[in-house]
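Notes follow the structure.
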Amino acid sequence: MQNSFQNERIIIFGASRGLGAAVASQFAGAELLLLSRKLSGHDFSRDADQDKVVELARNFNPTRLFYFAGGGPFGSFSEKNWRDHEWALKVNFLFPAKLIHIFAKDPQNLRQMIITGSAIAESAPDENATSYSTAKHALKALFENLQKEKLNLDLRLFSPGYMDTDLLPQKSWPRELEQVLDPTEVAKTFQFWALDPEGPRHKILK
């Protein structure tokens, strides 16, 4: 498997935790640019940081771009601070949409871009995760609309179920029902699918 991507230049957004970190380890043979608030100091919800990240991405000239950054407040929508909902909408939807817009217009050497949805939150209401679920619904709608256009890159949507990481609250319903996935196994599935040129453009994993 390694020979199939050792000459790749891959940029991974949200690479410090959860699925992003697990996928980064799967692609260790490639030249990687790992971005996150913890690793690079960039907050993807801030316009100034977005501009800096876009410049970094352009200079890196990737062949593939994977976007795993995300999250959001857990609890009652009205009781959470609006700034937390705004952060969730920006990071889960608006910034990946902006990246698609930029690279679809001028992909340079970028052949593939994969954004992360949610097998659960993108298609049904998700209790106590309203802003996160709303953003994932919007991301799926964007992806489906863009499939009708002839983009200059292989745009894909990866939609796993909830995973056993520190990003998932301890009292969330997937944990209570023991419906969580192993992020390492999910990352292996992601790698195989991403490298398959004939793979489906939307991968749902529950």
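Looking only at strands (runs of 3 or more DSSP E) that lie completely in the stretch 1-89, which have at least 1 residues being surrounded by fewer than 17 Cβ atoms within 10 Å (Cβ to Cβ)?
31-35
Looking only at residues in the stretch 122-145 that are more than 17 Å from TYR67 (Cα to Cα) and among the hydrophobic types (A, V, I, L, M, F, W, C), which one is most open to solvent (accessible area, probe 1.4 Å)?
The extreme case among them is ALA124.
When residues of the stretch 100-121 are filtered for being at pLDDT 95 or above and either charged (D, E, K, R) or closer than 16 Å to HIS202 by Cβ (or both), how many remain?
Within the stretch 100-121, residues that are at pLDDT 95 or above and either charged (D, E, K, R) or closer than 16 Å to HIS202 by Cβ (or both) number 8.
Evaluate the following for ASP84: is it touching a Pro at 6+ places or on another chain (Cβ under 6 Å) and of a type outside the set (Val, Ile, Thr)?
Against the criterion (touching a Pro at 6+ places or on another chain (Cβ under 6 Å) and of a type outside the set (Val, Ile, Thr)), ASP84 qualifies.
Can you tell me which residues in the stretch 1-49 are polar (S, T, N, Q) and touching a Leu at 6+ places or on another chain (Cβ under 8 Å)?
Those that are polar (S, T, N, Q) and touching a Leu at 6+ places or on another chain (Cβ under 8 Å): SER4, SER16, SER40.
Output the residue which, of all residues in the stretch 177-206 that are over 16 Å from the mean Cα position of the chain (by Cα) and surrounded by 15 or more Cβ atoms within 10 Å (Cβ to Cβ), is modelled with the highest pLDDT.
Out of the qualifying residues, it is LEU195.
What number goes with the only condition from (1) outside any helix (DSSP H, G or I); (2) at pLDDT 95 or above; (3) surrounded by fewer than 19 Cβ atoms within 10 Å (Cβ to Cβ) that ALA97 does not pass?
Result: ALA97 passes all but (1).
Hey, can you tell me all the residues within the stretch 103-120 that are surrounded by fewer than 16 Cβ atoms within 10 Å (Cβ to Cβ) and under 18 Å from LEU157 (Cβ atoms)?
Correct list: ARG111 only.
So which residues in the stretch 1-49 are polar (S, T, N, Q) and within 20 Å of PRO183 (Cβ to Cβ), if there are any at all?
Matches in the stretch 1-49: SER16, SER25, GLN26, SER36.
So the check is Cβ under 9 Å with 6+ separation or different chains; which pairs have a first residue in the stretch 68-85 that's touching a residue at least 12 places away in the same chain (Cβ under 8 Å) and a second one that's of a type in the set (S, T, N, Q) and loosely packed, with under 11 Cβ neighbours inside 10 Å?
Within 9 Å, the pairs are PRO73/ASN81.
The values are calculated or read from the model by the stated rules, or taken from the named source; none is laboratory data. All of these numbers come straight from a predicted model, not from anything done at the bench. Please note: Cβ atoms are built from the backbone with ideal geometry, for glycine as well, and neighbour counts cover all protein chains shown. Calculation scope for accessible area: heavy atoms of the full protein, side chains included, ligands and nucleic acids excluded. Shrake-Rupley method; radii C 1.70, N 1.55, O 1.52, S 1.80 Å.
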